[in-house]
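Derivation of every value follows stated rules applied to the coordinates shown; laboratory data play no part. These numbers were taken from a predicted model, which means no experiment stands behind them. As a convention, Cβ positions derive from the backbone with ideal geometry for all residues, glycine included, and neighbour counts pool all protein chains shown.
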Amino acid sequence: MSANPDPLVIRHLEFLGGMAAVGGWRPESALPEVAFSGRSNVGKSSLLNLLVRRKAFARVSKTPGRTREINFFEVNRAFILADLPGYGYARVSKEKQGAWVPLIEGYLRNNPNLRGVVQLLDARHEPTADDIRMFDLLAEIGLPTLVVMTKVDKLTAKQRVGQITALAVRCGVEEDQMIPCSATTGEGRDDLAASLAALLASSPSDD
Ligand SMILES: Nc1nc2c(ncn2[C@@H]2O[C@H](COP(=O)(O)OP(=O)(O)OP(=O)(O)O)[C@@H](O)[C@H]2O)c(=O)[nH]1
Ligand SMILES: [Mg+2]
């Protein structure tokens, strides 16, 4: 039996630039877009690299809170992936911590190209208050959401089962909506790629 075909073959990749402020520059492109969201250090940039099979495409930071802009990557001249700045990094001042709200919220609310969001949760931890706030915001805007559990390589098989259930309950999503992933082992890459392809193929919802 042959292996399943890659649900997302990467043929072309291009970094388009970053959006630093509400109403600031963003790509003029009208290609469909999906954004990667999650708290600082959860593994957004690592997951993007895993997805596009490049070691250092989106920057991975040793210093949490590094990605401050919304970074746009064009894939196969067909769609755009947006790497959102991580929220809730504890060592950033309260004032600066809140700075993500208008940028991310403005981006999510006023974006006709946006087909959905990949929301990341650290497999080892409880969702934070900011995570819950993001789920509420996504539900309110009505954006289709894929939920990825990152860093599952750090859990035992037993812990993993318990965490999938616990996180799904806490975030109000179905267990089979959760995609366990690891940028270290590559687990989950093709599941995420397949879900992403389906999301990108969907027409923008107008309800
Ligand atoms: N073990 C393990 N470590 C991971 C995984 N994904 C990311 N990391 C590590 O977690 C740290 C943060 O990863 P990033 O990808 O930079 O996280 P981010 O969400 O983009 O962070 P910000 O840009 O600061 O918001 C890095 O040290 C990564 O090497 C994973 O699946 N497994
Ligand atoms: Mg990052």
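Separation of region 131-175 and region 186-206, taken as the distance between their Cα centroids, equals 16 angstrom. The dipole here belongs to region 139-198: it is taken about the Cα centre, uses +1 on the Cβ of Lys and Arg and -1 on the Cβ of Asp and Glu, and is about 320 debye. If you model region 93-187 as an ellipsoid using its alpha carbon gyration tensor, with each semi-axis the square root of five times an eigenvalue, the axes come out at 25, 15, 13 Å, biggest first. Here the chain is assigned +1 on the Cβ of each Lys and Arg and -1 on the Cβ of each Asp and Glu. Its dipole about the Cα centre then comes out at about 1000 debye.
When each of C171, C181 is scored by the number of other beta-carbon atoms lying within 10 Å, the sequence from fewest to most is C171, C181. Size check on region 124-168: the Cα extents along the three principal axes, sorted descending, read 36, 20, 16 Å.
A simple charge model with +1 on the Cβ of Lys and Arg, -1 on the Cβ of Asp and Glu and nothing else charged puts the dipole of region 5-47 at about 200 debye relative to its Cα centre. For the chain, the percent of C-alpha pairs falling in each 10 Å distance bin, counted from 0 to the bin holding the largest distance, reads 8, 37, 40, 14, 1, 0. For region 134-193, the Kirkwood hydrodynamic radius comes to 12.3 Å, computed from all pairs of different C-alpha atoms.
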